[in-house]
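Q: Quick one: the structure is below, and I'll ask about it shortly.
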Amino acid sequence: MKRAILTGPTGGIGTALLKVLSARGVETYAVCRPGSPRIAHIPPDPLVHVVECDISEYASLAGRLPEADVFFHFGWEKTTVQGRDDLDCQLNNVKYSLDAVRLAKACGCEGFVGAGSQAEYGVARTPLAGDTPVFPESGYGIAKYAAGRFTRNLCAQLGIRHCWVRIVSTYGVNDGESSLISYLVRTLRRGGVPELTPCGQVWDYLNCEDAAKAFFAVGERGKDGKTYPLGSGAPRPLKEYVEELRDCVSPGAEIRFGAIPYYPHQPMYLAADIRELTADTGWKPEKPFREGIAEIVRAAEGK
């Protein structure tokens, strides 16, 4: 891989992937929403070129972007809980994903790697594998599943290698302000008392840097037509994650477990089976949870 295109590059995984690509000498065209304040998260780098374009206007970039090897598609509207059942918006995201495949073809890309979600599975009680049956319940999950299938079919028609990566749960520097980890770190640093659900879920957090390395590995070595769940592969109760974070940020601080109810469509068991991903690409997670949290705290203190 010598040149890549990345949509949705300003989130935690996107910014981490830009660093991974640059470190390996890959020139990247980062397609961002015009005027997004999150563009500031992209550090200056001679190998990274910011291209402002609305998600609905990908077709306008055909002929404006140079030829590339791999297209990473993270772009998606309304990913937080409040917007996940905006059905019209989620349906539009499916169309935009097809537009991204057509842009990949126009740029001569050999591979297309899409960012899917654990929400595609719906309620699960076993580790999530590529062939685990899916039954998405939220509009977001339904749209992600549809986007994965539609883009795979279109890639097959256009002669592009297609991989779909279903992200279980990630955290890290530049994560969204509404994420659980961001909320906990922000609240505890300010001396506040976080109010949470009972946190009885079994969860599988993966640091964004590890996730970015996984996407890079899939971009280079992922098998055509494969779906890869992405997590640490070592799940544990969410309450344990929260307490470890608390002990890292503000030891002994109060946390009100059970203060709020679980949200609609709340999955209670999330664990990625990463054996196929590792076998195909050689990728394995590296960063311990506590180390990742310490990096977030240091970044927050530096602002």
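Q: Contact list please: Cβ distance under 9 Å, first residue in the range 219-232 and free of Cβ contacts under 8 Å to residues at least 60 places away in the same chain and within 20 Å of Asn207 (Cα to Cα), second residue aliphatic (A, V, I, L, M) and open to solvent by 30 Å² or more (accessible area, probe 1.4 Å), pairs at least six apart or on different chains.
A: Here the result reads none, with nothing in the range 219-232 linked to a residue that is aliphatic (A, V, I, L, M) and open to solvent by 30 Å² or more (accessible area, probe 1.4 Å).
Q: Filtering the range 9-27 down to residues that are surrounded by 24 or more Cβ atoms within 10 Å (Cβ to Cβ) and within 22 Å of Glu67 (Cβ to Cβ), which residue is nearest to the chain's Cα centre (by Cα)?
A: It comes out as Gly14.
Q: Among (1) open to solvent by less than 70 Å² (accessible area, probe 1.4 Å); (2) of a type in the set (A, V, I, L, M, F, W, C); (3) in a loop (DSSP other than H, G, I, E, B), where does Val123 come up short?
A: Result: Val123 passes all but (1).
Q: Tell me yes or no: at least one residue of the range 263-283 is more than 30 Å from Gly111 (Cα to Cα), not hydrophobic (A, V, I, L, M, F, W, C) and not in a loop (DSSP other than H, G, I, E, B).
A: The answer is yes, given that some residue of the range 263-283 is more than 30 Å from Gly111 (Cα to Cα), not hydrophobic (A, V, I, L, M, F, W, C) and not in a loop (DSSP other than H, G, I, E, B).
Q: Right, next: Hey, does the range 206-218 have a residue that's of a type outside the set (Val, Ile, Thr) and either in a strand (DSSP E or B) or over 19 Å from the mean Cα position of the chain (by Cα) (or both)? Explain how you work it out, then say what you get.
A: Of the residues in the range 206-218, the ones of a type outside the set (Val, Ile, Thr) are 206-217.
Narrowing further to those that are either in a strand (DSSP E or B) or over 19 Å from the mean Cα position of the chain (by Cα) (or both): 206-207.
Yes - at least one qualifying residue is present in the range 206-218.
Rundown of residues vs (1) acidic (Asp, Glu); (2) surrounded by fewer than 20 Cβ atoms within 10 Å (Cβ to Cβ); (3) within 16 Å of the chain's Cα centre (by Cα), yes/no style:
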position	(1), (2), (3)
Ser36	no, yes, no
Asp45	yes, yes, no
His49	no, yes, no
Ile55	no, no, no
Phe71	no, no, yes
Asp88	yes, yes, no
Leu91	no, yes, no
Gly116	no, no, yes
Ala119	no, no, yes
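Q: Is one or more of the residues making up the range 184-201 exposed (fewer than 15 other Cβ atoms within 10 Å of the Cβ), in contact with a strand residue (DSSP E or B) (Cβ under 9 Å, 6 or more places away or on another chain) and acidic (Asp, Glu)?
A: yes
Q: Can you tell which of Ala212, Ala217 is under 30 Å from Asp85 (Cα atoms) and surrounded by 16 or more Cβ atoms within 10 Å (Cβ to Cβ)?
A: Ala212
Q: Determine if the range 156-165 includes at least one residue that is of a type in the set (A, V, I, L, M), touching a Phe, Trp or Tyr at 6+ places or on another chain (Cβ under 6 Å), at pLDDT 95 or above and assigned to a helix (DSSP H, G or I).
A: No: zero hits.
Q: Ok, one more. For the range 268-282, enumerate the residues that are within 16 Å of Ser232 (Cβ to Cβ) and touching a strand residue (DSSP E or B) at 6+ places or on another chain (Cβ under 9 Å). Steps first, please.
A: Narrowing the range 268-282 to residues within 16 Å of Ser232 (Cβ to Cβ): 269-278, 281.
Of everything in the range 268-282, those that are within 16 Å of Ser232 (Cβ to Cβ) and touching a strand residue (DSSP E or B) at 6+ places or on another chain (Cβ under 9 Å) turn out to be Tyr269, Leu270, Ala271, Ala272, Asp273, Ile274, Glu276, Leu277, Thr281.
Q: Inspect all residues belonging to the range 141-152 and state whether any of them is open to solvent by less than 50 Å² (accessible area, probe 1.4 Å), in a loop (DSSP other than H, G, I, E, B) and either aliphatic (A, V, I, L, M) or free of Cβ contacts under 8 Å to residues at least 24 places away in the same chain (or both).
A: No: zero hits.
Q: Among the candidates Glu286, Glu291, which residue alone is among the acidic types (Asp, Glu) and either more than 16 Å from Leu206 (Cβ to Cβ) or in a loop (DSSP other than H, G, I, E, B) (or both)?
A: Values: Glu291 fails: either more than 16 Å from Leu206 (Cβ to Cβ) or in a loop (DSSP other than H, G, I, E, B) (or both).
Within the list Glu286, Glu291, the selection yields Glu286.
Q: Among the residues of the range 233-254, count how many are acidic (Asp, Glu), touching a residue at least 40 places away in the same chain (Cβ under 8 Å) and open to solvent by 50 Å² or more (accessible area, probe 1.4 Å).
A: 1
Q: Considering only the range 139-156, state which residues are among the hydrophobic types (A, V, I, L, M, F, W, C) and within 16 Å of the chain's Cα centre (by Cα).
A: Result: Ala143, Ala147.
Q: Sort out which residues of the range 284-303 are out of contact with any strand residue (DSSP E or B) (no Cβ under 9 Å at 6 or more places or on another chain) and surrounded by 16 or more Cβ atoms within 10 Å (Cβ to Cβ), and write them in order of number.
A: Val297
Q: Report yes if Asp86 is without any contact (Cβ under 8 Å) to a residue 24 or more places away in the chain and not small (Gly, Ala, Ser), otherwise no.
A: Here the answer is no, as Asp86 does not meet what is asked.
The values are calculated or read from the model by the stated rules, or taken from the named source; none is laboratory data. These numbers were taken from a predicted model, which means no experiment stands behind them. All Cβ positions, even for glycine, are placed from backbone atoms using ideal geometry, and neighbour counts span all protein chains on display. Calculation scope for accessible area: heavy atoms of the full protein, side chains included, ligands and nucleic acids excluded. Shrake-Rupley method; radii C 1.70, N 1.55, O 1.52, S 1.80 Å.
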